[in-house]
Amino acid sequence: MRRRCHLTLQGDVQGVGLRWSCRSRAWWHGLGGWVRNDAQGTVSLEIEGSEQAVNRFIDWLRQNPGYARIDKLTIEEQAPTGAKQFKVII
């Protein structure tokens, strides 16, 4: 079963390499989607793949990867689109 989620990350999430870490982790888990910095100082991303892979990715985020400090993680379920590649939006 495929799962797609839109995530919003709040905290110390910009300027710490989080987007590139997300890209690497998404590739590792075979996830599609995208990640970008938002004007409000948050990071938004969408991830899609197997339910198990998406869950592992979200668990990884909850561990405050790298130099990031994620104070709040908002998850919104989305309809899968079949995305297979993951990109960083600059």
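Bear in mind these aren't lab numbers, they're just calculated from the coordinates by the rules spelled out. For clarity, every value in this text was computed on a predicted model and none was experimentally measured. Every residue, glycine as well, gets a Cβ built from its backbone with ideal geometry; the counts of neighbours run over all protein chains shown.
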- [ ] For every helix of n ≥ 4 consecutive DSSP H residues, a contribution of -39,500 (n - 2.57) applies; sum these over the chain, divide by its total residues, and give [θ] at 222 nm rounded to the nearest 500 deg cm²/dmol.
- [x] -8000 deg cm²/dmol
- [ ] Report the semi-axes of the equivalent ellipsoid for the stretch 2-89 in whole Å, largest first, where each axis is √(5λ) for an eigenvalue λ of the Cα gyration tensor.
- [x] 19, 13, 12
Task: Gain on full stretching of the segment that runs from E51 to Q85 - 0.36 nm per residue minus C-alpha separation - done: 10.6 nm
Task: In the stretch 51-82, chymotrypsin sites (Phe, Trp or Tyr not before Pro) in a DSSP loop with at most 14 other beta-carbon atoms within 10 Å - done: Y67
